[in-house]
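Report on one structure; see the data block that follows.
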Amino acid sequence: MGISLYEKVFNRHVVRKDEGTYLLYIDRHLVHEVTSPQAFEGIRISNRNIWRKNSIIAVPDHNVPTTDRTVKIKDPISRIQVETLDKNCEEFNLLQFKMDDRRQGIVHVVGPEQGSTLPGMTIVCGDSHTSTHGAFGAIAMGIGTSEVEHVFATQCLIVNKFKTMRVVVNGDLQYGVTAKDVALDVIGKIGTAGGTGHAIEFTGTTIQSLSMEGRMTLCNMAIEAGSRVGLIGVDNKTIDYIQDKPLAPKGDLWKKAKKDWLGLVSDEDAKFDSEIEIDGSLIEPQVTWGTSPEMVVSITSKVPNPADFSDKTLSSSYQIALKYMNLKPETPINKIAIDKVFIGSCTNSRIEDLRAAASIVGTKKIAKNIKLALVVPGSGLVKLQAESEGLDKIFKNAGFEWREPGCSMCLAMNADKLGPGERCASTSNRNFEGRQGQGGRTHLVSPQMAAAAAIYGKFVDIRELN
């Protein structure tokens, strides 16, 4: 019997099995300023050293300001976390892209960009959206602070083996429908607990047609479907993306690696514990209306009416979400006006995302009711590339603010936040209560949909703008 991609990569990294749990070797450890301080301190207290320093790439991203980098971070907690990462990396002699390094950015953008994310790897980071890196045929997952320390000390992690789920999406996507819409559509269908306990592999002609940026977006959102791991098999697109990246293999090692990587796909007769099929040609631009990514409908739909659902628990959760979001049942999605727009995050801040958003903006201006529209590149290199193409001028001429790289308004750990009651069209990955600021109301959309919302002051069907 054939085996799945997840099992292939997993089996390569098993150090030991003990009564249902596994000791798994970790190839790459990505580190940022939020979950690492206690782990570094634990290493000191136990009088240990870091086992394999060259497996680590560190970058501050959650707390960094996206405005003037020449002044100190104002918030004392944020400043201490960033400065502590600097000191820890210097003490342990670790590769770090500091705040003033042009390679700095969101850790899940920087990793693939530098070629430190490679097929067949096991990758961990103290951040739940580490699943992003699974787009390269890797097992990538978020871990907690104590696990960060464990990987520092041993280069291994104690894990349970996940069940496997295959999500097959076939068909050509409509104009204006993106990987973000595919992700939200999947989550809307299976729910935020649908993938719990499973590693999700995305496959099908729709997935094959996606760029590597699109695949990263899709795997990034796997965590919102309940899975800690999302994967996509390796193909020539994967290889082409990695080639010539700074940390990618070179010479004969590259030839050997490429040959091995192309075998990192699920066998044709592989069996999965769960499987769903979706017609990609039917997916429309998606907009979340509530306080969970599964509370999502298409742009042509209306806000659900809780009274229409016989499940009392579901109906009650919808009522609570609508109250927080200040929305009335059966409100057409294209009638919802917004206050702010955020284009960025580890989900949608790559050059492809910025190009797509800029193509919607063109020579137009943002609507008068928009208080703030932010474009935050995922890294300094993305920012430089966008500026070389003139994308920054398109955004600034329209009234957007063009910022420095970082997590920004995705999670409101820095100065970029929503105020109470403010409604935002966001390209990030979570729309929980207070996620973007206390009392803030978040609607998850694609970069194109966010850009259009900024121009028109409300959600519009971008297919009609073609």
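The values are calculated or read from the model by the stated rules, or taken from the named source; none is laboratory data. No experiment lies behind these values; they were computed from the predicted model shown. Counting neighbours? That spans all protein chains shown, and the Cβs are built from the backbone with ideal geometry, glycine included. Just so you know, the surface numbers come from the protein's heavy atoms only, side chains and all, with ligands and any DNA or RNA stripped out. Shrake-Rupley method; radii C 1.70, N 1.55, O 1.52, S 1.80 Å.
Below is a table of values for the structure above.
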read-out: Semi-axis lengths (Å, descending) of the ellipsoid that matches the C-alpha gyration tensor of the range 319-466; value: 24, 18, 12
read-out: Considering only the chain, percent of DSSP beta bridges that pair antiparallel, nearest 5; value: 25 percent
read-out: Convex hull projection area averaged over all views, the range 218-320, Cα basis, nm²; value: 10.5 nm²
read-out: Net charge dipole size for the chain [Lys, Arg +1 and Asp, Glu -1 on Cβ; Debye, nearest 20]; value: 840 debye
read-out: Two-site label geometry, D244 and E389: point separation in nm, points 7 Å out along Cα→Cβ; value: 1.6 nm
read-out: Accessible surface of the range 1-128, 1.4 Å probe, proportion on carbon and sulfur as whole %; value: 49 percent
read-out: About the Cα centre, charge dipole magnitude for the range 360-455 (Lys/Arg +1, Asp/Glu -1 at Cβ), debye; value: 320 debye
read-out: Gyration tensor over alpha-carbon atoms, the range 310-391, equivalent ellipsoid semi-axes in Å; value: 34, 17, 10
read-out: Percent antiparallel among DSSP beta bridges (both partners in the range 1-144, rounded to 5); value: 25 percent
read-out: Helix-only CD estimate at 222 nm, as mean residue ellipticity for the chain, using -39500 (n - 2.57) per DSSP H run (n ≥ 4); value: -9500 deg cm²/dmol
read-out: Fully extended contour minus Cα-Cα distance, from E330 to I276, at 0.36 nm per residue; value: 16.6 nm
read-out: In Å, descending, principal axis extents of the Cα set of the chain; value: 57, 56, 44
read-out: Column: log10 I(q)/I(0), Debye, Cα scatterers of the range 1-138, q = 0.12, 0.15, 0.19 Å⁻¹; value: -0.55, -0.81, -1.16
read-out: Cα-centred dipole magnitude for the range 41-132, charges only on beta-carbon of K, R (+1) and D, E (-1), debye, nearest 20; value: 180 debye
read-out: Packing-based ranking, highest mean first, of 173-181, 98-106, 276-284 given that Cβ atoms within 10 Å are counted; value: 173-181, 98-106, 276-284
read-out: Lys/Arg +1, Asp/Glu -1 at C-beta; the range 187-284 dipole; positive extreme among V229, A199, G251; value: G251
read-out: Size-normalised alpha-carbon gyration radius of the range 80-160, reference 2.2 N^0.38 Å; value: 1.13
read-out: Normalised convex hull volume, the range 103-145, alpha-carbon set, Å³ per residue; value: 61 Å³
read-out: Computed P(r) (all Cα pairs; the range 383-436; 5 Å bins; percent); value: 4, 17, 23, 21, 18, 12, 5, 1
read-out: Per residue accessible area in Å² of the chain, where ligands, DNA and RNA are left out and the probe is 1.4 Å; value: 40 Å²
read-out: Whole-angstrom Cα spans of the range 344-388 along principal axes, big to small; value: 32, 19, 15
read-out: √(5λ) per eigenvalue of the Cα gyration tensor, the range 152-253, largest first, Å; value: 25, 22, 11
read-out: Spin-label pair T145/L95, simplified geometry with 7 Å Cα→Cβ offset, distance in nm; value: 2.7 nm
read-out: Cα centroid of the range 194-249 to Cα centroid of the range 389-444, whole Å; value: 25 Å
read-out: Net charge over other residues, Cβ less than 14 angstrom from the Cβ of K340 (K, R count +1; D, E count -1); value: +4
read-out: Percentage, to the nearest whole number, of Cα pairs in the range 124-197 over 17 Å apart; value: 60 percent
read-out: Compactness of the range 413-463 as Cα Rg over 2.2 N^0.38 Å, two decimals; value: 1.14
read-out: The range 142-179 residues near the modelled Q38 label - backbone nitrogen below 15 Å, point 7 Å along Cα→Cβ; value: 143-151
read-out: Within the accessible area of the range 311-438 (1.4 Å probe), percent carbon and sulfur; value: 51 percent
read-out: Projected label distance in nm at A193 and D172, using a 7 Å step from Cα toward the beta-carbon; value: 4.0 nm
read-out: Length released on extending from D18 to L253, taking residue separation times 0.36 nm less the Cα-Cα span; value: 81.2 nm
read-out: Cα principal axis extents for the range 75-233, largest first, Å; value: 51, 36, 30
read-out: Burial order of peptide ranges 377-385, 133-141, 307-315 (average beta-carbon count within 10 Å, highest first); value: 133-141, 377-385, 307-315
read-out: A199 long-range amide H proximity, modeled H, under 5 Å; value: K163, T164, M165
